[in-house]
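A quick write-up on the structure given underneath.
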Amino acid sequence: MAFGSENFVGGALCLDFVNTVGGHRDGEPKETLLVYADLVDWAVAGKVLSKSGGVQLKELARANEARAARVLAEGRRLRETIHDVFVAVADKRRAASADVAALSDAMAEANATLELRASISGYELVWPAPVDLRAPLWPVVKSAVDLLVGGETRLRECASDTCGWLFVDESKNHSRRWCSMRDCGNRAKVRRFRAQAV
């Protein structure tokens with residue numbers, strides 16, 4: 001599957017990952033992560049992985065198809081956990097303790113892979129070269145935890161009846177309603193215009 005800038009409108013990597021499902025989850029959601037290679041393509045498009053890292057992981061997945069399928073299923077479960085946590089946050093509710101515990105476990109695993117390295121400005125934590133099929137998921141987990149711990153209060157769900165994507169409302173007056181004005185916002189304008197013309 002090809003991913004482009006239109007797939008990265010959430011304002012946080014974890015929300016863009018949640019948004020790899022199109023439509024409302026309680027309706028007819030559209031899955032975009034059909035095979036492990038789709039997860040890699042999304043991660044490369046989102047700058048989670050370099051192109052060469054993506055090629056490396058796809059080769060590893062071809063050599064370990066069963067493991068790649070399990071990691072894809074794990075990624076989808078993680079995505080739904082993050083979705084449920086942030087829908088609760090957007091609705092000003094506490095997330096389910098089981099979801100928070102699952103995210104905490106994922107964070108512990110992701111953090112165990114970080115490496116401390118010297119840099120020009122001192123030291124930094126970096127993700128190692130992608131030699132583990134779960135590598136695309138680790139920055140997503142970090143993004144989710146950072147957003148959650150940061151106490152983000154401007155989380156929104158797209159106002160479209162057919163979307164359901166999540167985003168951080170960074171507008172000046174916190175009135176953003178659509179995941180993207182080019183997509184859902186434009187369709188809503190067209191519908192309003194047609195309704196007024198009748």
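What follows is calculated from the coordinates using simple rules that are stated; it is not laboratory data. Not measured: the values here are computed from a predicted model. Positions of Cβ are backbone-derived with ideal geometry, glycine not excepted, and every protein chain shown enters the neighbour counts.
Cβ distances below 4.7 Å define possible disulfide partners, and in the chain the cysteines left without one are 14, 184. If r is the Cβ-Cβ distance from residue 25 to residue 131 and R0 is 30 Å, what FRET efficiency results, to the nearest 0.05? That pair, residue 25 with residue 131, gives E of 0.35. Highest GNM mean-square fluctuation among 135, 37, 102, for the chain modelled with Cα contacts below 10 Å: 102. The phi torsions of the stretch 111-120, fed into the Karplus equation with coefficients 6.51, -1.76 and 1.60 and a -60° offset, translate into couplings of 5, 5, 8, 5, 10, 8, 9, 6, 9, 4 Hz, rounded to whole numbers, with Gly and Pro shown as x.
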